[in-house]
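Notes follow the structure.
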Amino acid sequence: MPTPLFFGLRTEKRQNIFAAGISEFADYGYENSSTNRIVKKAGISKGSLFKYFPTKEDFYFFVLDTITAELISGLEEKINTLSPDLFQRIIEYSVLEFSWYILYPQKAKMIVRAFTKSDTDIYRKTVLKYGNREQDIFCWFLQDIDTTQFRWERQKTIDLIKWLLKGFNDDFLTRIQKQAYLDFEMLEKEYVKNLSEYIEILKAGIIK
C-alpha cells in the first residue's frame, strides 16, 4: 500500500505515477514489468517510487485495487437497469462490463493480465486477495432474479451457472491474453455470441 508521502504529492504527480503503472502492467504484466520504465514514464526517480511504495508488488496491487474498484463502481450504478431474467441479465451484464473495457482499454488490459490463470506467485496472491470479492460480486449480481422457471433446486442451479461462467471466463481470458492487441469492441461481439450459445444449451437442461 502507498506510504503517506504518496498521498502528500500534488494530484497531477500522483496521477502520472498511477498512469505509468497502468501502462507498464497492462503492456508487460507483473512478472515482466520494469520499475525503470515506470519511473521514466512517471518522471520520477526510482528512489522516489520506493519512498511512495515499499515494493513493486505494493505498487502493483494499489493500481489493480484502484481500477477494479472503478470497474465495480461503474457496474453497480447500472445494476438496477438489468433484466430480472437470469439469462438475459448475464448477457446484459457482459455488455455493460465490455462497455467499460472499451472506454478504458489500458485498465481493461491490466485486469485481463491480472486475472488470467498462470503458475506465478503474483497470480496466486491475486486469487487469494480477490477470491471473496468475486463471490460477493456474484451474490450481488443475483439479487432479485426470477427463479420461478428453474427445473431444479434453486441453489444447485445457481451453483451450476456460476461454475459455467467461471470456466467460460477463465478460458476466454487465457485465449485473449496471448493476443498482442486487444480490440475490446471485437472481443465483446465474440464473447457475447459464444456465451449466448452456451446459455441456450444450459437453458434446455434446467428450464421447465
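Inclusion of Tyr101 among residues that are surrounded by 15 or more Cβ atoms within 10 Å (Cβ to Cβ), at pLDDT 90 or above and closer than 24 Å to Tyr198 by Cα is warranted. If you filter the range 67-85 down to residues that are of a type in the set (Asp, Glu) and at pLDDT below 85, you find that the one that is surrounded by the most Cβ atoms within 10 Å (Cβ to Cβ) is Asp85. Residue pairs whose Cβ atoms lie under 6 Å apart, sitting 6 or more positions apart in sequence or on different chains, and linking a residue in the range 187-203 that is within 19 Å of Leu96 (Cα to Cα) and in the same structural domain as Glu92 (by TED's automatic domain parsing) to a partner that is surrounded by 14 or more Cβ atoms within 10 Å (Cβ to Cβ) and modelled with pLDDT of 85 or more, are Glu188/Phe98; Val192/Ser94. The residue pairs whose first member lies in the range 84-97 and is in a loop (DSSP other than H, G, I, E, B), whose second member is of a type in the set (A, V, I, L, M, F, W, C), and whose beta carbons are closer than 7 Å, counting only pairs six or more residues apart or on different chains, are Pro84/Ile145.
Taken over the range 153-186, the criterion of being in a loop (DSSP other than H, G, I, E, B), surrounded by 13 or more Cβ atoms within 10 Å (Cβ to Cβ) and either free of Cβ contacts under 8 Å to residues at least 24 places away in the same chain or not assigned by TED's automatic domain parsing to the domain that holds Ser94 (or both) is satisfied by Asp183 alone.
The values are calculated or read from the model by the stated rules, or taken from the named source; none is laboratory data. Owing to the predicted nature of the structure, the values given are computational and were not obtained by experimental measurement. Ideal geometry is used to build each Cβ from the backbone, glycine not excepted, and the neighbour counts take in all protein chains shown.
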